Amino acid sequence: MAQPTQSEAKQIVDPGIEKGAAGLTEDRIQAVINHVIQNETGARLKVYVDTCVHCGLCSEACHYYLSHDKDPRYSPVGKVKQTLWEMLRRNGRVSVDFMRRAAEIAHTECNLCKRCAMYCPFGIDIAYLMLVVRRIVHLLGMTPQYIQDTAHSHAAVCNQMWVKPDEWPDTLQWQEEEARGEMPTLRIPLEKEGADIMYSVIGPEPKFQAQLIYQAAVIMNAAGADWTMPATAGWDNSDMAMFTGDNEVMGRIKRDHYETAARLRVKRIVMGECGHAFRSVYDVGNRWLGWRIPPIPIIHAIEFYHELITSGKIRVAKKFQTPVTIHDPCNVVRGGGLHHMARELAHALCEEVVEMYPNCEHNYCCCAGGGVINCGPPWKSKRIEGNRIKADQLADAKIRGAKVLIAPCHNCHSGLEDINHAYGLGMEIKFFGDILYEVMEKPEA
Amino acid sequence: MKSFVPVWLAIALALLSAAALKAQEDMRTVPNDAFVSPQRPPSVFVHDAHNEAAGIDECNQCHHVYRDGELVADESSEDQRCSDCHAEEAAGDGPPALMDAFHGNCKQCHLENGKGPVMCGECHQRQ
Amino acid sequence: MHTIYEWVAGPLTWIAFLIFFGGLLYRLVRLVTLVRRKEPFIFTYMSLKYGLRSILHWSLPFGTVNWRLHPVLTIVTFAFHICLLAAPIFLMAHAILFKEAWGVGWPSLPDAVADGMTVVVIAGAIFFLVRRIVRPEVRFVTSASDYVLLAIVAAPFVTGFIAYHQFFAYRWMLVAHMVSGQIMLVAIPFTRLAHMLFAPLTRAYMGSEFGGVRRAIDW
């Protein structure tokens, strides 16, 4: 058998998991597991479990498995074995310790990136199976503390970061004022009904990355876009409840988002460079609410910037000189097919683009998404250890000249920053928006 | 000269029959040389012993004659080869293909009587 | 022996095929009703075009990244599955028995070819067995049932091979061959061997999701 990994040597204690575990009995666990299996799952779970021939071919897909020297406990099917198979085999009768480990696996050893669905010959959706486990964990009240806090924030103030109702328009007006120093005619139009575009962002942007709103405002104004931002709740497109298995809250905040856009009678929603928010609005939330496709078109920043460049609404003054490489975020590439546009955009903005391999749909995950980074500091080192393979990939791109890493996703961005530091890669990580803002022709001040 | 023809024919037939009788005494297998590429060893078949054990007196129980699709009761065909009538590939309404005819003649009879080999390798023995 | 043969080749074969086809139909109907009842959105997203596109890529040896990552396994898997299906269906002895019973036949393979394919299936089963024991990621997810399933699949081929060559105990081996084949047929709908039915469906669904919603490839 494979060697025990470092992370196992030091037991990580998560207050959220422990608090939930403290009050649990096996009866309660069994009741919840069987409730979820019988009432909330259907053909997919049954067929996926009945069809898997235990071949292990999904293993090579997983960055955790590859980063832990092919420790089978980290293979996608290995994680299913340690969670759902056992729950089903024992008819839901599992111990509190078992659930503690299941919570850890589902929340901190899988990013739901769905790469394994491309490696399983049968196309078994293991990310879905891990979400079923997270749902069980949620109903047992064992969700890791930090991510549960973001879900609470969603439930209470309809955004991820406890941004209060007055802080939001205040932040937008502050950024408008800042940006008017650079572009005096600039506006961030609030509550403009009938605008073409509603621009939506994720909670962390007003909380501690307000310069991204500034940049977006400059880009929108320079392009002459007819846009608006809501002054009310519904501005946050992010959705951590989607990753905690809190489907009810997930659906509620998605509905708020769509309804805000509907209230403003916009033609489409343009969103910032976030992956999981794209997944939640474009793929998951709409389904929960009963729409086959989102009721209002959702445009990711990659598509929007691509449109601005190809239509000539934004011109590049001087291309970005430092060689860049592109990270393909799972949710917009494997989940939205934006890798071709990302490359066209990168080539339009930058002098030199170095590909890293595997790329496009086969790119290695950042190991931050799927709510893993949101499980917070207790799990940080485990997350970084779990993605050595990404560090190797980045190092290879660096050897071939790339100095800047474009990561068009907030989670990827933060996760890759941690990897960058921990493995001493010395790369600079940017959003497309950072580069576009830097190289674009700006109207005369 | 013409009058000699039946005589010669009679002699030839007598010789052939003698040869055939001799052959059936020695017969250990059903020859499969009529098949272009036989897939199995020829079927084990000891003619006289079989008929004795099976109580077969009439030649035409196996060496049958069909005319217009009807079994002709009092004629037999031991002077012919099976493959003279049964081609390797059956054509339309004609007689069954050679292999089907063999299997039909042997295996079906064994099944009906509850005796004799019925599994592939019991007749098509290797060695 | 006559009685055993007639029993195994007759009623038992009937039962086996009825359970096989009936079982597959039952599993399919159960699946469709379950989807209708619990996850009707699956019908909404199912796409013939993208489903077939995905199945096609996964049906080609080396047609996907993961097949290319495992060249030996890919060759063995494809050879194993092709021979597993083709050898029994196109075996002359089976075609003859079917024709005797139903009056219709079909072209069959020369015995030597079918014999070779049988060897391929047996070798493939040995390969999978060794892989299951040797590869940690496979062994970790292996349970006793995986070995049983492998044995159920290999048994008709091993016994068929021994019977065909008449190495020993011919009659009993042939009976064992027929019975083990019947066990396999009966097992298919009710075990993970049902991937024969389900794999194209799960693949088609994932292909539909990737093609239709995610605008990405899944191979």
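The values are calculated or read from the model by the stated rules, or taken from the named source; none is laboratory data. This is a predicted model, so every value here is computed, not measured. Note that we place each Cβ from the backbone using ideal geometry, even for glycine, and neighbour counts take in every protein chain shown. Accessible surface is based on the protein model in full, side chains and every heavy atom, while ligands, DNA and RNA are left aside. Shrake-Rupley method; radii C 1.70, N 1.55, O 1.52, S 1.80 Å.
Shielding of peptide C:89-97 by partners, expressed as the average count of other chain Cβ atoms within 10 Å per residue Cβ, is 2. Averaged over peptide C:203-211, the number of partner chain Cβ atoms lying within 10 Å of each residue's Cβ comes to 4.
Basic side chains Lys and Arg get +1 at the Cβ, acidic Asp and Glu get -1 at the Cβ, and with that the dipole of the range C:68-219 about its Cα centre reaches some 420 debye.
Residue order by solvent-accessible surface for A:LYS403, A:LYS46, A:LYS114 is A:LYS403, A:LYS46, A:LYS114, largest first, with ligands and nucleic acids left out and a 1.4 Å probe. Normalised by the number of residues in the range C:2-213, the mean separation of alpha-carbon contacts (under 8 Å, six or more apart) gives a relative contact order of 35 percent.
Compared with the dominant principal axis of the Cα atoms in chain C, helix C:111-134 is inclined by about 60°. If you wrap the range A:317-439 in the convex hull of its Cα atoms and look at it from every side, the mean projected area works out to 6.9 nm². The order of the peptides A:205-218, B:80-93 by mean Cβ neighbours within 10 Å, most packed first, is A:205-218, B:80-93. Only Lys, Arg, Asp and Glu carry charge here, each on its Cβ (+1 for the first two, -1 for the last two); on that basis the range A:148-309 has a dipole of about 540 debye about its Cα centre.
When chain C is described by a simple charge dipole with +1 on each Lys and Arg Cβ and -1 on each Asp and Glu Cβ, the residue from C:PHE168, C:LEU12, C:VAL213 located farthest towards its positive end is C:VAL213.
If you take the Cα centroid of the range C:6-62 and the Cα centroid of the range A:40-99, the two points sit 23 Å apart. Counting, for every residue in A:73-80, the Cβ atoms of other protein chains within 10 Å of its Cβ and taking the mean gives 3. Is there a pair in A:LYS79/A:LYS390; A:LYS318/A:LYS398; A:LYS207/A:LYS430; A:LYS70/A:LYS254; A:LYS254/A:LYS442; A:LYS19/A:LYS46 whose C-alpha atoms are over 29 Å apart, and which pairs would that be? Distance filter (> 29 Å) returns A:LYS70/A:LYS254; A:LYS254/A:LYS442; A:LYS19/A:LYS46.
Just how far, in whole angstrom, is the range C:91-162 from the range A:310-370 if you go by their alpha carbon centroids? After rounding, the separation between the Cα centres reads 48 Å. Ranking of C:THR33, A:THR143 by solvent-accessible surface, largest first: C:THR33, A:THR143 (1.4 Å probe, protein heavy atoms only, all chains present). Residues whose amide H lies under 5 Å from that of A:ILE429, counting only those 5 or more places away or on a different chain, are A:LEU405; hydrogens are built 1.01 Å from N in the peptide plane. Of the beta bridges in chain A, as assigned by DSSP with both residues counted there, near 5 percent are antiparallel. Under 5 Å between amide hydrogens, built in the peptide plane, is the criterion, and for A:LEU190 it picks out A:MET229 among residues at least 5 positions away or on other chains.
Averaging the sequence gap over all C-alpha pairs within less than 8 Å and six or more residues apart, then dividing by the number of residues, gives the range A:326-445 a relative contact order of 28 percent. Here chain A is assigned +1 on the Cβ of each Lys and Arg and -1 on the Cβ of each Asp and Glu. Its dipole about the Cα centre then comes out at about 1140 debye. Each DSSP beta bridge with both residues in the protein assembly as shown is either parallel or antiparallel, and the antiparallel ones are about 15%. Of A:ILE197, C:ILE4, the order by accessible heavy-atom surface (1.4 Å probe, DNA, RNA and ligands excluded), from most exposed downward, is C:ILE4, A:ILE197.
Whole-Hz Karplus values for the range A:83-92 come out as 10, 5, 4, 5, 4, 5, 4, 9, 6, x Hz, taken residue by residue from phi with 6.51 cos²θ - 1.76 cosθ + 1.60 and θ = phi - 60°; glycine and proline positions read x.
Among the residues of the range A:28-59, those with an accessible-area drop of 30 Å² or more from chain alone to full protein complex, heavy atoms and 1.4 Å probe, are A:GLY42, A:ALA43, A:ARG44, A:LYS46, A:VAL47, A:TYR48, A:ASP50, A:THR51, A:VAL53, A:HIS54, A:CYS55, A:LEU57.
Across the range B:111-127, computed HN-Hα scalar couplings (Karplus, 6.51 cos²θ - 1.76 cosθ + 1.60, θ = phi - 60°) run 5, 5, 8, x, 9, x, x, 10, 8, 2, x, 6, 8, 7, 7, 7, 1 Hz from first to last residue, x flagging Gly and Pro. Rounded to whole numbers, the Karplus 3J(HN,Hα) couplings from phi for the range B:41-53 are x, x, 6, 5, 7, 9, 3, 5, 4, 4, 5, 5, 5 Hz, using 6.51 cos²θ - 1.76 cosθ + 1.60 with θ = phi - 60°, and x at Gly and Pro. The alpha-carbon of B:LYS115 sits under 29 angstrom from the alpha-carbons of these lysines, leaving out residues fewer than 8 places away in its chain: B:LYS22, B:LYS107, C:LYS99. Judged by the mean number of other Cβ atoms found within 10 Å, the most tightly packed of the peptides A:347-353, A:371-377, B:62-68 leads the ranking A:371-377, A:347-353, B:62-68. With a 1.4 angstrom probe, the accessible area lost at the C-A interface totals about 4300 Å². If you take all other residues with their beta carbon under 13 Å from the beta carbon of A:TYR282, and give Lys and Arg +1 and Asp and Glu -1, the sum is +4. Looking at the range A:308-445 alone, DSSP beta bridges between its own residues are antiparallel in about 10 percent of cases.
Based on Cα contacts under 8 Å between residues 6+ apart, the range A:148-309 shows a relative contact order of 25 percent. A:ILE314 sits among other residues whose Cβ lies under 11 Å from its own Cβ, and their net charge, with Lys and Arg +1 and Asp and Glu -1, is +1. Taking amide hydrogens as placed 1.01 Å from N in the peptide plane, the amide H of B:TYR66 sits under 5 Å from those of B:VAL72, each at least 5 positions away in sequence or on another chain. When the solvent-accessible area of the protein assembly as shown is split by element, carbon and sulfur atoms take up 61 percent of it, the probe being 1.4 Å.
Put simply, the Cα atoms of the range C:160-219 extend 59, 22, 10 Å along their principal axes, the longest span coming first. In the protein assembly as shown, helical runs assigned H by DSSP with n ≥ 4 each contribute -39500 (n - 2.57); averaged across all residues and rounded to the nearest 500, the mean residue ellipticity at 222 nm is -16000 deg cm²/dmol.
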